[in-house]
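Quick one: the structure is below, and I'll ask about it shortly.
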């Protein structure tokens, strides 16, 4: 065998690649047709059952050809994601068409996402900006849904100021990441249905498919049921939750974690090691961890300060965490292997079967992360 | 349009999917032929230039069909990864065939990987296990390469005990994650070539393609050059580094980061919030962060204790980190927005252009992470 054989095979591979791309194009076109039909039938764009059926079909077919299972599964998950992207065009409406929606802060990142989606389902959407208070009465007149999408530190004030313009037939929603105090305030300053919402994603998402929205239907849940259904139809995954339960989980999920990331990043910046060196010498896992730290600092500091400082409970939790580090430091200083292993095992027990699952999942994710890396 | 149209389209999609799977099968078969040719030519399995050429070819072809650029890029990176997997079969040898390699701890996780690769390039590989000291002289006789792949806390002892059996023509290597003390010890107890190595991956990797190996060619680098070349031929990315520089970076990359993850996990286990609730209410980014924490506890506590406690410098760094948290806690307590933002911006400046890059990269990675998630 010589080098000519290799050149021949490579030409065949290139031609094969073109054939695959051709079929992918055809596939995307077919998906668009399917979406048109679904829209005309008033069905949701995303169907979990259909996704499962597509995946199990390609997997079992791949098996007959002795192809690795995860190979086609990975590829089709990516193919399906592209399909969802294509479907943000038009969605069925779960209530009367041209229902009026006012989004307070509709020009912000999150406001824009909801504006786009409401419009795609034939709602009549109007943004209410800080300069609009003079025209508040006019803008809010006839609205069926009012969504407050403003920074958390002005949310309370906005609820109060909106109060005189709200009528009992309006559904009042907020999108803040803390629920109890705002849901309470909305109930105090509004007599109609109150639906607390917490979208668990940032303004950079391309589609709502599989994105989690926490809903706290605090008053007259039956009146806002169509709205929750509307979000589901857009592909979001709705999680109903009690406000207090939600806030307790968020102290850990958001406040504590963001704080530890912030503390790690600011410490690094003071130590000032060469980032270039560190990246060159990093394993994929540390590269990924550094990515998760660095990404925070590319974002709005106010947003993180607001989340971390949003409640006294957050501070108590963060303080308890800081105090828990002292005895661990002692363990390291004394090289107390026994205690280290004991605490390690306690944490392993806490994570339970998730620990193994997380190791497996992160392995798969790291492999994808490696794929993206330039080889040299 | 009615439901029958949808059924028709779905049948067409299923048939299209089968055609794509057929082509993927053909592609993998062609890759195997290419590998056979490469092996017979003594070429490395992985070629960065070829990877770039494949990617730019499908991307430009996809562009002519108005397909999104990242779509085909993501798919082909995954396709290429599968190709590399297929190629662990046989590799060219960068020195004389049947060169004798002794791997001390060859039955361990890392030892097994190197054993498999050395064998694939026609080396004569023998494992040296703790029970083999009686036969040490016999096992090491005629070895050209001796690799120490044992837990870090016994590495020093193993180097000393090996000393009388080592001859000047043997290349002595270690695989520990700390380099200076072990490279120094190897130079003290061995007169021949010394090559410190730090593989930046765990024993769970499927292939060495794109994996980083740090090399510290401490003595007679010209004698071990063929070995470094051998690793490159297997697809690994070699980074040459000074032992001290390496260790300084590792204090941050490994010791500090593992400690913070350990501290966060043990704190969570003491607070004991419901993991199920937390996962249900998590955004993709927190789910990913929790994954990175939980995965640590699925692994060997000794390994992490060894890394964290491997030097006094590590302790000093971790202590400095713990102390840096106090003033940050004060900031949160006082809700001192101004100082928070000031420190945030300092950290942003430290991350420099990487901050934006990390935000972009993590966005792409999170999208992949979402793909894998069951919708409901």
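Select, from A:277, A:314, the only residue that is assigned by TED's automatic domain parsing to the domain that holds residue A:256 and within 30 Å of residue B:237 (Cα to Cα).
Result of the check over A:277, A:314: A:277.
Identify the residue in region B:272-288 that is at the interface with chain A (Cβ under 7 Å from one of its Cβ atoms) and out of contact with any helix residue (DSSP H, G or I) (no Cβ under 7 Å at 6 or more places or on another chain) and, among all such residues, is surrounded by the fewest Cβ atoms within 10 Å (Cβ to Cβ).
In this case the residue turns out to be B:280.
Can you tell me which residues in region A:289-310 are at the interface with chain B (Cβ under 7 Å from one of its Cβ atoms) and closer than 27 Å to residue A:359 by Cβ?
Correct list: A:289, A:291, A:292, A:294, A:295.
Please determine, by comparing only the residues of region A:194-211 that are in contact with a helix residue (DSSP H, G or I) (Cβ under 8 Å, 6 or more places away or on another chain) and in a strand (DSSP E or B), which one is surrounded by the fewest Cβ atoms within 10 Å (Cβ to Cβ).
Looking at the filtered set, the residue picked out is A:199.
Let's see how each residue does on (1) assigned to a helix (DSSP H, G or I); (2) at pLDDT below 90:
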residue	(1), (2)
A:264	yes, no
A:268	yes, no
A:273	no, no
A:276	yes, yes
A:285	yes, yes
A:288	yes, yes
A:304	yes, no
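Does residue B:299 count as outside the structural domain of residue B:176 (by TED's automatic domain parsing) and not in a helix (DSSP H, G or I)?
Yes, satisfied.
Still on this structure: Has region B:181-193 got at least one residue that is surrounded by 22 or more Cβ atoms within 10 Å (Cβ to Cβ) and within 23 Å of residue B:112 (Cβ to Cβ)?
yes
Still on this structure: Would region A:64-72 turn up any residue that is farther than 19 Å from residue A:232 by Cβ, assigned to a helix (DSSP H, G or I) and at the interface with chain B (Cβ under 7 Å from one of its Cβ atoms)?
Among the residues of region A:64-72, at least one is farther than 19 Å from residue A:232 by Cβ, assigned to a helix (DSSP H, G or I) and at the interface with chain B (Cβ under 7 Å from one of its Cβ atoms), which makes the answer yes.
Take the residues in region A:162-180 that are more than 13 Å from chain B (Cβ to nearest Cβ), in contact with a strand residue (DSSP E or B) (Cβ under 8 Å, 6 or more places away or on another chain) and in a loop (DSSP other than H, G, I, E, B); name whichever of them is surrounded by the fewest Cβ atoms within 10 Å (Cβ to Cβ).
It comes out as A:166.
How many residues are in contact with a helix residue (DSSP H, G or I) (Cβ under 8 Å, 6 or more places away or on another chain) and more than 7 Å from every other protein chain (Cβ to nearest Cβ) when one looks only at region B:327-344?
3
Tell me, please, whether a residue that is under 22 Å from the mean Cα position of the chain (by Cα) and modelled with pLDDT of 95 or more can be found in region A:317-325.
Within region A:317-325, none of the residues are under 22 Å from the mean Cα position of the chain (by Cα) and modelled with pLDDT of 95 or more.
Condition check ((1) under 21 Å from residue B:370 (Cα atoms); (2) within 8 Å of another protein chain (Cβ to nearest Cβ)) across all residues:
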{"residue": "A:16", "(1), (2)": "no, yes"}
{"residue": "A:20", "(1), (2)": "no, yes"}
{"residue": "A:54", "(1), (2)": "yes, yes"}
{"residue": "A:79", "(1), (2)": "yes, yes"}
{"residue": "A:103", "(1), (2)": "no, no"}
{"residue": "A:107", "(1), (2)": "no, no"}
{"residue": "A:116", "(1), (2)": "no, no"}
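Would a scan of region A:92-104 turn up a residue that is in contact (Cβ under 8 Å) with a residue 12 or more places away in the chain and farther than 20 Å from residue A:230 by Cβ?
Scanning region A:92-104 turns up no residue that is in contact (Cβ under 8 Å) with a residue 12 or more places away in the chain and farther than 20 Å from residue A:230 by Cβ.
Residue-wise test of (1) more than 7 Å from every other protein chain (Cβ to nearest Cβ); (2) under 22 Å from residue B:68 (Cβ atoms); (3) under 31 Å from the mean Cα position of the chain (by Cα).
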| position | (1), (2), (3) |
| --- | --- |
| A:26 | no, yes, yes |
| A:29 | yes, yes, yes |
| A:41 | no, no, yes |
| A:47 | yes, no, yes |
| A:62 | no, no, no |
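Can you find even one residue in region B:224-247 that is within 8 Å of chain A (Cβ to nearest Cβ) and in a helix (DSSP H, G or I)?
yes
Determine which member of the set A:7, A:87, A:21 is modelled with pLDDT of 90 or more and buried (at least 19 other Cβ atoms within 10 Å of the Cβ).
Going through A:7, A:87, A:21 in turn, just one is modelled with pLDDT of 90 or more and buried (at least 19 other Cβ atoms within 10 Å of the Cβ): A:21.
The values are calculated or read from the model by the stated rules, or taken from the named source; none is laboratory data. Because the structure is a prediction, the values reported are computed rather than measured. Methodologically, a virtual Cβ is constructed for each residue, glycine included, from the backbone with ideal geometry; neighbour enumeration extends over all protein chains shown.
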